[in-house]
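Read-outs: derived from the displayed coordinates by stated rules, not from any lab. What you see is a predicted model, and the numbers here were worked out from it, not measured in a lab. Don't worry about glycine lacking a Cβ; one is built from the backbone with ideal geometry, like all the others, and counts go over all protein chains shown.
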Amino acid sequence: MEKPKPPIKFEIKFTSEKKDKLYGNAIFHDEKFKIIIKSLKNIENIKLPFNILGIMNEPHLVRFSGKVGVYTEYRPQIQNSTKNIEVESDKILDDLIKTKNKYDTIEIFVN
């Protein structure tokens with residue numbers, strides 16, 4: 001059996017909420033990025049401001065989690081963004097907006 005690949009991890013901290021959007025910061029390999037989570041009906045995407053070889057333009061499991069044991073996950077299409085990390089999903093926004101302070105990590109599990 002093949003050993004599973006480790007997830008790609010981001011540390012996150014939400015800083016504000018405006019008009020059905022969450023804003024915050026994400027750290028990936030000591031580099032800080034802005035993160036925006038917004039509602040988008042019937043489409044689930046995560047857009048990254050950098051390429052990760054072998055996962056772009058494909059769906060992968062993405063999990064938002066926190067130290068207190070909370071988590072929510074979905075299978076978005078991984079796409080390119082110009083400068084921010086953007087999450088587009090009604091389900092994720094609904095899950096996170098209620099308890100945003102409990103989440104501190106995003107993990108992308110590569111198929």
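Tabulated data for the structure shown
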| read-out | value |
| --- | --- |
| Exposure rule at most 10 other beta-carbon atoms within 10 Å, DSSP loop trypsin sites (Lys or Arg not before Pro): the chain longest free segment | 84-111 |
| Rounded to the nearest 20 debye, dipole of the chain from Cβ charges on Lys, Arg, Asp, Glu | 280 |
| Derived scalar couplings ³J(HN,Hα) [region 63-75; Karplus, 6.51 cos²θ - 1.76 cosθ + 1.60; whole Hz; x for Gly, Pro] | 10, 9, 8, x, 5, 7, x, 6, 7, 9, 9, 7, 10 |
| Calculated from backbone phi, Karplus (6.51, -1.76, 1.60) coupling profile of region 52-57 in Hz, x at Gly/Pro | 10, 4, x, 10, 5, 6 |
